[in-house]
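The values are calculated or read from the model by the stated rules, or taken from the named source; none is laboratory data. This one's a predicted model, so the numbers in the text were calculated from it and none came from an experiment. When we count neighbours, we look across all protein chains shown, and the Cβ atoms used for this are built from the backbone with ideal geometry, even at glycine.
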C-alpha cells in the first residue's frame, strides 16, 4: 500500500513539473528572437520616438537662461534674464556650440539661426557689463529680442521635454500667450501630407481589394489544374526586389513607355498620358506591390468556406447572386478585414515607390521622415511624424481586433 502511494506521489509530482519544464523550454527557444527584436527594433524605435518630445539642446548649452525661463511669467524679461542670456552666449561662443542652439531656434522662427548666431557673436565681443545694461544692449543689436514671440520660442525650447515637435507635426504652434494656434497658411504643410498619405493608402487598399477578390475566389473555387499557376503568378512578385519592381514601372509608365504606346496603338489616347511622376503612376505601382498581401488573406479565408452553403441557399430559392451576397460574402469578412488592414498599414509607410514614381506633390510621410533624418537633421520632427504613423497603426490594429472579435463571435 505504501509503495502504491509513493508511486502516485512521484507521478503527481512529475505531472506538475512537466508544464513548468515545457514553459521554460519555450522561453529558452524564444529568448534569442526576443533579444534580437529588443536590440534591433524596439530600442532604436523607442529612441527615435522619444526624440519627438526630447528638447535638451538649449538647457544643455544655455543652462542659466533655461533655468530662468522655467519661471517666466510671459512678460518682457527683466535685466537679470538678459544678463543670464549674455553669460550663456559668451560660454557657448567659447565652446563653439552656439550653432546647435541656432539650429533649434531656426525650427520655430524664420531667420532664427541668423538671430542667434549674429547676436551671440556680438555679445561675446563685449567686455564687462554695458553702461545701460544687457537688456538695452540686446534690443539695440536686434529688435527681435524685444518681442514676446522670441522669448516664447526660447521658453518652449528650455526643455528638457517639450511639445514643439508634436505640435509642428499637426501644423500647430504655441503663441506668446501660451495658447496652441494654427501656424500661418504658408507654413502649413504637415496636415496636407498626412491627409495625402492616408488618402493614397485608402485608395490603394480599395483598388487592391476589388482586384484581389476575384483572384482569391478563383484560387479557392476554380479548376485545380489552374490554381497552382495562378498562385505562382500571385507570389512571383514577392520573389523580386521592391526596388526592381518600382524601376520597372518607371520604364513602363514613362511617356514613351509600353503602357502609353499601347494606349495610343489602341487609339484610346492621342498623346502620351502623364503617368510617371504623377499620382496615377504612384497608385498603379503601389497596387502592384500590395496585391499579393491582399490576395493571400482573402484566399486563406475563402478556402475554409464550404460550397455546400451556396448550394443550400440556391436550393431554398435564392438566386446565385443573392446567395453570394447574403451567404458567401459575409463569411469573407475576416479575410477582407485582415487584407485591408495589412495593405493599408503597408501603404502608410511606403517610401521607395512614391519617391521613384511620384512627383513632389505625391510624397508621403515616410519621405519626410527620411528627409528630416538624413538631410535636414531634424530628428525631433522626424520622431514626431513617426509617432503619428505608429499611433495610427495601433489604432487601426485595435479597431481590426475589435471587429475581428465581433465577427468571430458571430460566426461561432
Single residue of the stretch 326-336 satisfying the filter (in contact with a helix residue (DSSP H, G or I) (Cβ under 6 Å, 6 or more places away or on another chain) and in contact (Cβ under 8 Å) with a residue 24 or more places away in the chain) that is surrounded by the fewest Cβ atoms within 10 Å (Cβ to Cβ): 333
Residue match in the stretch 178-190 (condition: touching a helix residue (DSSP H, G or I) at 6+ places or on another chain (Cβ under 9 Å) and either at pLDDT 90 or above or in a helix (DSSP H, G or I) (or both)): yes
Test set (1) closer than 28 Å to residue 104 by Cβ; (2) touching a residue at least 12 places away in the same chain (Cβ under 8 Å); (3) under 12 Å from the mean Cα position of the chain (by Cα) - residue 346 fails condition number: (1)
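Looking at the stretch 251-278, which of its residues are part of a helix (DSSP H, G or I) and either at positive phi or surrounded by fewer than 16 Cβ atoms within 10 Å (Cβ to Cβ) (or both)?
First, pick out the residues of the stretch 251-278 that are part of a helix (DSSP H, G or I): 251-253, 258-265.
The answer is 251, 258, 261, 262, 264, 265.
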Only listed residue being closer than 30 Å to residue 113 by Cβ and surrounded by fewer than 20 Cβ atoms within 10 Å (Cβ to Cβ), chosen from 373, 393: 373
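Being part of a helix (DSSP H, G or I) and surrounded by fewer than 16 Cβ atoms within 10 Å (Cβ to Cβ) is the filter here, so list the residues in the stretch 106-121 that pass it.
Here is the first cut: in the stretch 106-121, the residues part of a helix (DSSP H, G or I) are 106, 112-121.
Answer for the stretch 106-121, where residues must be part of a helix (DSSP H, G or I) and surrounded by fewer than 16 Cβ atoms within 10 Å (Cβ to Cβ): 114, 118, 121.
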The stretch 234-254 residues that are within 18 Å of residue 272 (Cβ to Cβ) and outside the structural domain of residue 287 (by TED's automatic domain parsing), paired with ones that are surrounded by 11 or more Cβ atoms within 10 Å (Cβ to Cβ) and at pLDDT below 85 (beta carbon under 9 Å, 6 or more apart): none
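Is it fair to say residue 295 is modelled with pLDDT of 90 or more, assigned by TED's automatic domain parsing to the domain that holds residue 249 and under 27 Å from residue 361 (Cα atoms)? Break it down stepwise before answering.
Values: modelled with pLDDT of 90 or more: yes; assigned by TED's automatic domain parsing to the domain that holds residue 249: yes; under 27 Å from residue 361 (Cα atoms): no.
Criteria not met by residue 295.
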Out of 80, 68, sole residue that is surrounded by 13 or more Cβ atoms within 10 Å (Cβ to Cβ), farther than 22 Å from residue 378 by Cβ and without any contact (Cβ under 8 Å) to a residue 24 or more places away in the chain: 68
